[in-house]
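K.L.:
One structure follows; several queries about it will come next.
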Amino acid sequence: MRKIEFLITDMHCVNCAMRLQDLEDILPGVKKVDASYHKGKMVVTFDETTVTIEDLIRETRKLGYTAIEENAI
Amino acid sequence: MTNLVVAFITGITTGGLSCMAVQGGLLASSLASQIEQDLAYAGKDSKGTIKPRIALPITLFLSSKLIVYTLLGALLGGLGQVLQITPTAQAILQFMIAIFMIGNALRMLNVHPIFRYFSFEPPSKVTRFIRRRSKSEGSWFSPLFLGALTVLIPCGVTQTMMAAAIATGDPLSGAALLFAFTLGTSPVFFALSYFATRLGALMEKYFIRIVAASLIILGILAFDTGLNLLGSPFSLTRVASGIRSGQAQEISDLQTTTSDASLTLNVVDKGYRPRKLHAPAGVPVTLTLITEDVYSCSRAFLIPAIDYAIILFATGEEKVEIPPQEPGTVLPFTCSMGMYTGEIIFDL
């Protein structure tokens with residue numbers, strides 16, 4: 001299990017954070033998404049054997065947001 | 001009554017759009033499962049047409065939302081009653097509402113990330129729970145439940161209305177206020193839901209500026225209400241009425257100016273007649289307030305400077321004892337919303 005923090009600059013309301021949690025359903029390897037509109041950040045816990053950081057960034061883009069990898073936790 | 005109309009109009013304009021931006025996703029996803037379900041059974045339809053029945057779930061969703069917010073209004077109004085809100089406290093509340101509205105507008109316009117804290121963010125456990133429910137099977141229960149859950153993610157405009165419900169200081173008025181507001185948002189929700197799926201993000205970006213601009217205007221009005229409640233002579237309402245009054249005002253002055261220490265003020269639906277009263281200085285003055293079939297907020301009458309507040313009967317007479325005032329004193333009076341104003345001048 002890995003935990004990575006992403007910077008999401010283009011959230012514009014609280015609902016966006018909820019939309020980002022959809023990643024939990026889209027990518028089966030994603031265990032948990034904690035997104036915060038206040039902080040403009042998203043922390044993803046995922047299984048690195050099935051999901052890559054690129055997958056996460058690509059799927060986030062499909063949802064309409066830009067994810068910038070910040071740091072591993 | 002007037003503030004209910006204002007609440008309804010706020011709902012049907014800015015409230016509907018801003019709430020749709022926040023809660024629309026919830027409604028859309030609850031509808032999505034219904035649509036999928038209907039499409040799956042479409043083969044069995046004798047007419048052969050595929051028409052997802054989304055009117056019913058939307059109605060269920062909105063009814064549930066309306067009920068929950070009305071209850072919330074009653075609760076907040078009751079809270080306001082317990083807190084015994086004085087005109088000054090009400091003014092402070094109005095200032096907070098103003099700051100909140102303008103802060104939210106700046107947040108929407110993305111002026112600085114700091115303004116994001118003007119929005120209420122539920123913990124991710126709550127949002128995850130809401131999201132899970134919204135994805136579960138479509139039934140009458142799901143839209144009802146999700147409609148009720150919207151109470152956990154109120155949009156900026158709703159939050160301001162909630163503050164206004166506290167300011168009413170009465171469960172019934174609070175309930176009525178949020179009922180009127182939520183009812184106003186309903187047609188917007190209903191209409192927009194028909195174009196649901198892609199709407200969320202698009203709507204948000206397109207209307208965000210209009211909503212923000214309206215919020216700034218409403219924020220300034222709330223600030224002005226606060227000034228009126230404090231009896232400030234510098235509020236926009238007072239300055240504007242000073243410009244408007246002029247000659248017509250003088251005529252009514254002549255009719256009511258008396259040298260004895262009693263004054264009469266007619267409280268009508270559209271405010272107070274006359275708006276300027278002249279009274280003798282240095283003696284106690286009795287002000288008689290007369291109402292006759294009045295159903296506007298002018299019934300909530302305040303004289304902030306002497307800390308006098310009363311809710312008048314729709315029809316009746318009320319006497320206010322005003323202690324002796326220094327010559328030249330101006331005592332402003334106002335309704336509790338700060339919409340209708342007037343003053344007593346002690347210059348006789």
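K.L.:
Pairs needed: first member in segment A:35-52, under 14 Å from B:Pro122 (Cβ atoms); second member anywhere, among the hydrophobic types (A, V, I, L, M, F, W, C) and part of a loop (DSSP other than H, G, I, E, B); C-beta distance under 9 Å; at least 6 residues apart or different chains.
P.N.:
A:Ala35/A:Met11; A:Ser36/A:Met11; A:Tyr37/A:Met11; A:Tyr37/A:Cys13
K.L.:
Would you mention how many residues in segment B:123-145 are at pLDDT below 75 and either in a loop (DSSP other than H, G, I, E, B) or more than 29 Å from A:Asp25 (Cα to Cα) (or both)?
P.N.:
5
K.L.:
Only one residue in B:Leu62, B:Leu39 is assigned to a helix (DSSP H, G or I), at pLDDT below 80 and more than 30 Å from B:Phe313 (Cβ to Cβ). Which one?
P.N.:
Values: B:Leu62 fails: at pLDDT below 80.
That would be B:Leu39, the only listed residue that is assigned to a helix (DSSP H, G or I), at pLDDT below 80 and more than 30 Å from B:Phe313 (Cβ to Cβ).
Okay, residues lined up against (1) surrounded by fewer than 20 Cβ atoms within 10 Å (Cβ to Cβ); (2) in a strand (DSSP E or B):
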{"position": "B:Val294", "(1), (2)": "no, no"}
{"position": "B:Ala305", "(1), (2)": "yes, no"}
{"position": "B:Lys319", "(1), (2)": "yes, yes"}
{"position": "B:Thr334", "(1), (2)": "no, yes"}
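K.L.:
Then there is this: Kindly evaluate A:Ala17 against the criterion of being within 12 Å of chain B (Cβ to nearest Cβ), of a type in the set (Gly, Ala, Ser), surrounded by 15 or more Cβ atoms within 10 Å (Cβ to Cβ) and touching a Leu at 6+ places or on another chain (Cβ under 8 Å). Give the steps one after another, and end with the answer.
P.N.:
Details: within 12 Å of chain B (Cβ to nearest Cβ): yes; of a type in the set (Gly, Ala, Ser): yes; surrounded by 15 or more Cβ atoms within 10 Å (Cβ to Cβ): yes; touching a Leu at 6+ places or on another chain (Cβ under 8 Å): no.
Criteria not met by A:Ala17.
K.L.:
Output the residues belonging to segment B:185-202 that are modelled with pLDDT of 80 or more and either over 14 Å from B:Thr59 (Cα atoms) or β-branched (Val, Ile, Thr) (or both).
P.N.:
Answer for segment B:185-202, where residues must be modelled with pLDDT of 80 or more and either over 14 Å from B:Thr59 (Cα atoms) or β-branched (Val, Ile, Thr) (or both): B:Thr185, B:Val188.
K.L.:
I'd like the residue in segment A:25-35 that is crowded, with 19+ Cβ neighbours inside 10 Å and within 9 Å of another protein chain (Cβ to nearest Cβ) and, out of all such residues, is nearest to B:Met20 (Cα to Cα).
P.N.:
The extreme case among them is A:Ala35.
The values are calculated or read from the model by the stated rules, or taken from the named source; none is laboratory data. Just so it is clear, the model here is predicted, and its values are computed rather than measured. Methodologically, a virtual Cβ is constructed for each residue, glycine included, from the backbone with ideal geometry; neighbour enumeration extends over all protein chains shown.
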